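Accompanying notes for the structure given below.
FYI, it's all coordinate maths here, none of it is from the lab. The structure presented is a predicted model; accordingly, all values stated were derived computationally and were not measured. All Cβ positions, even for glycine, are placed from backbone atoms using ideal geometry, and neighbour counts span all protein chains on display.
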2 protein chains.
Amino acid sequence: MKFQPVKGTRDFYPEQMAVRNYIVNGWKAASVRSGFVEYDGPIFEYLAMYQAKSGQEIAQQLFSLTDRGGRELAIRPEITPTLARMVNEKINSLPRPIKWFSVPRLCRAENTQKGRLREFFQWNIDVIGVDDVIADADVIFTSIDYLRSTGLTAGDIQAKISSRKLLAAVLVELGISGESLDAIYVLLDKKTKLPAETFDAMLLEKIGDGGVVEKIKKLMEITAVEQIADIVRPGPAVQQGLDEVSRLFVILSNMGIDNYCRFDMSIVRGLAYYTGVVFEVHDVTGRLRAICGGGRYDNLLKDFGGPAISATGMGMGDCVLEILLEEKGLLKERIAANKIDYFVACADERLFGRAVETACKLRTLGRIAEFAYKPGNLAKQLKQADSMKCRFCVIIGRELEECGKLIVKNMADGSQSQISMEEFFRGND
Amino acid sequence: MKFQPVKGTRDFYPEQMAVRNYIVNGWKAASVRSGFVEYDGPIFEYLAMYQAKSGQEIAQQLFSLTDRGGRELAIRPEITPTLARMVNEKINSLPRPIKWFSVPRLCRAENTQKGRLREFFQWNIDVIGVDDVIADADVIFTSIDYLRSTGLTAGDIQAKISSRKLLAAVLVELGISGESLDAIYVLLDKKTKLPAETFDAMLLEKIGDGGVVEKIKKLMEITAVEQIADIVRPGPAVQQGLDEVSRLFVILSNMGIDNYCRFDMSIVRGLAYYTGVVFEVHDVTGRLRAICGGGRYDNLLKDFGGPAISATGMGMGDCVLEILLEEKGLLKERIAANKIDYFVACADERLFGRAVETACKLRTLGRIAEFAYKPGNLAKQLKQADSMKCRFCVIIGRELEECGKLIVKNMADGSQSQISMEEFFRGND
């Protein structure tokens, strides 16, 4: 009986696992460098939790199940609801700011395509309890700091940054009612994914006024804060939004990542819950989906039964990132082969016990050590050591019986030397 | 609207996450030291795969679901079927021996109790393609090597080792038919979990012969290979089993872990698929469930549509292990607090940009650096640095304006010194 993996999932053979570990370990290291601490939740939660608060698109992509006790559950499609639940539970005892990160495995029953699978890993960082763009800047810095550490340059990727607060102020200034904003965000977020005529027609249908539609389309093309004044006369709300964005860019410059960042009003983000700064990192060619995205969400904790505490965060999946790193040639050179320090070969069956002892002593001392399960044929063992990319080969043979010495062969240059067992272990202690 | 986590699952707040990372990182390090390479599979697979081949108990504990395409799936309750599927798929291209490890998240819908949750993590190591006790010894060594690295001594834990092959040979010698062996294994495995009279009655019902029952009960108490001869006259099959076990113990002694290992015929393992060496590691008091268990399984790959290749492996969950480490006081002292290298405090609001710049430059250089989101109140910032257990506090204040210097305060002893920005970064490059 033969089985296949389920469509949209991946088998991580050692080679693929090394790539995943390289990515996940990089995420973790960048988080820790910036003072975030790790958390995680369960792989499944109550279905109602996701139906209530996830974006509509995500809610439609749930893998749901019913357990023996009749509980309706779902495999997590995102970790933000879990974060909100956990933070709310301990909100009074957690020191602020709460800077947390996680690298959850997530599942969404969506149509698989390039950069989109049904099971993936997503880096999440969030700063909770700070209602100031300094926290947004910290999140953007940490995202860029990671991407930069992989070898991606400002010529490869750009963070496009905008503000929902500013966008809302401009739209209201243009005469759009507060209630229709959410629906307009969803449409604006789809702009690049829809044919131009379709987008225009849908926008006109929503807005009604052709002049306003033209202004919104111009707004979406703005890449410098000063250009806002060409579209609306900034009232107090617009001015406040502008000031905030300007201050954000000053901080990003202090942080040394201004070359990776640009203002771009076309970044809207589909989810309803964003309320302030929003951003996405894209490859500069624009061929791929966003590498990551995030922003400020002021009402999330409250929506999950907690207090009204402001928060800002970012999510980055592994699929698009891996495609980009692979395309840029940044994976193979960076993923060091699984380096074995010592391969213990045994030239004489009678000495097998000594070979096993030597290998296990090395492991106990913290070295990565392997030995041949079958002693005797030295040529075969050296070949195995070579194929495993071992750094040194320790040969247990007649020299051990004759004068208590090992042969240590440097696999890189082929040189070898004799050394007493005692001296050898002293050097590895 | 307030939500709870699902029964039997865990929220990993930073403190709990640090414990989980400590355990999982230790598993990974021990695997790598012994030459195992990491793999992983999807979190869900086809339901039929588990129904077909998992132990009966596991198959009853599946979290199953049906996706939109009508596929019947299950969240993985163990990773061994995935391992068999993956290895079978590439059996001709994988260099032998195949030494793989994984640290999967697993879910089982079982009754929660001490050391048993519905979602847990399990370390798995397997050696595939070696039909010799040297591979079993390698698996046992790696398990003990990890446990020893946590600080557990031979006075805390013991690996109890037996052999299904030997047990089968003895039982057949006692007149039991080959077909009834599997059912007897299941019963023998339950011995310690059943009241003595219940076990005796059930065994008598299965065996029929009171004299044989007594002999089997004696057999279960054997802790030295020589004692087998007191129960049966060793025929060739029994002798072969005895020779194999003896050779295993010689290797374990070469490996330097003989003080952690003992022969114990009462170790049977419930699963039908074991065919050779079997073992469990227990805490010496016997109060807890087994910390880990494993053994040789000769037919698993074949059962999943592959070739008849022998394999041996081990599984260790995180729940019982954590309880034991906690009880022995081996968690708190070993889990270093999340050490922040530098906390950048800013004594003057006007210099906030320089403080942000300093912190982010440190991060870029690979240091763990945090800064105060709110500049100005130095006492408050120093308190924050202290509560975060930072090693050094860098103070950006008037010294920077006056003479281009930073103050670096050692948080351990309170000493502080002035240093130029340039020199400071040279020391951190």
Spot the failing condition for residue A:57; the list is (1) of a type outside the set (Gly, Ala, Ser); (2) more than 7 Å from chain B (Cβ to nearest Cβ); (3) out of contact with any Asp or Glu (no Cβ under 9 Å at 6 or more places or on another chain); (4) outside any loop (DSSP other than H, G, I, E, B), and only one is missed. (3)
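Looking for something among the acidic types (Asp, Glu), free of Cβ contacts under 8 Å to residues at least 40 places away in the same chain, at the interface with chain B (Cβ under 8 Å from one of its Cβ atoms) and surrounded by fewer than 19 Cβ atoms within 10 Å (Cβ to Cβ) - is there at least one such residue anywhere in the stretch A:7-18? Step through it out loud before you land on a result.
Step one: list which residues in the stretch A:7-18 are among the acidic types (Asp, Glu), which gives A:11, A:15.
Checking which are free of Cβ contacts under 8 Å to residues at least 40 places away in the same chain leaves us with A:11, A:15.
Those left that are additionally at the interface with chain B (Cβ under 8 Å from one of its Cβ atoms): A:11.
Of the ones still in play, those that are also surrounded by fewer than 19 Cβ atoms within 10 Å (Cβ to Cβ) are A:11.
Within the stretch A:7-18 (the criterion being among the acidic types (Asp, Glu), free of Cβ contacts under 8 Å to residues at least 40 places away in the same chain, at the interface with chain B (Cβ under 8 Å from one of its Cβ atoms) and surrounded by fewer than 19 Cβ atoms within 10 Å (Cβ to Cβ)), the answer is yes, since at least one residue qualifies.
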Single match in A:3, A:36, A:63 (criterion: of a type in the set (Phe, Trp, Tyr) and under 21 Å from the mean Cα position of the chain (by Cα)): A:36
Selection count, the stretch A:257-275, where residues are within 14 Å of chain B (Cβ to nearest Cβ) and in contact with a Ser or Thr (Cβ under 7 Å, 6 or more places away or on another chain): 0
Just checking: which of the strands (runs of 3 or more DSSP E) contained wholly in the stretch A:80-163 hold 1 or more residues that are more than 11 Å from chain B (Cβ to nearest Cβ) and touching a strand residue (DSSP E or B) at 6+ places or on another chain (Cβ under 9 Å)? A:119-128, A:157-163
Filter the stretch B:202-224 down to the residues that are crowded, with 18+ Cβ neighbours inside 10 Å and in contact with a strand residue (DSSP E or B) (Cβ under 8 Å, 6 or more places away or on another chain) and list them by number. B:222
Just wondering, is there one or more residues in the stretch B:268-285 that are surrounded by 15 or more Cβ atoms within 10 Å (Cβ to Cβ), over 23 Å from residue B:125 (Cα atoms) and not charged (D, E, K, R)? no
Contact list please: Cβ distance under 9 Å, first residue in the stretch B:62-79 and over 16 Å from residue A:47 (Cα atoms) and within 9 Å of chain A (Cβ to nearest Cβ), second residue surrounded by fewer than 21 Cβ atoms within 10 Å (Cβ to Cβ) and β-branched (Val, Ile, Thr), pairs at least six apart or on different chains. B:71/A:6; B:73/A:6; B:73/B:66
In the stretch B:353-370, what residues are in contact (Cβ under 8 Å) with a residue 24 or more places away in the chain and either at the interface with chain A (Cβ under 8 Å from one of its Cβ atoms) or of a type in the set (Ser, Thr, Tyr) (or both)? B:354, B:358, B:361, B:367, B:368, B:369, B:370
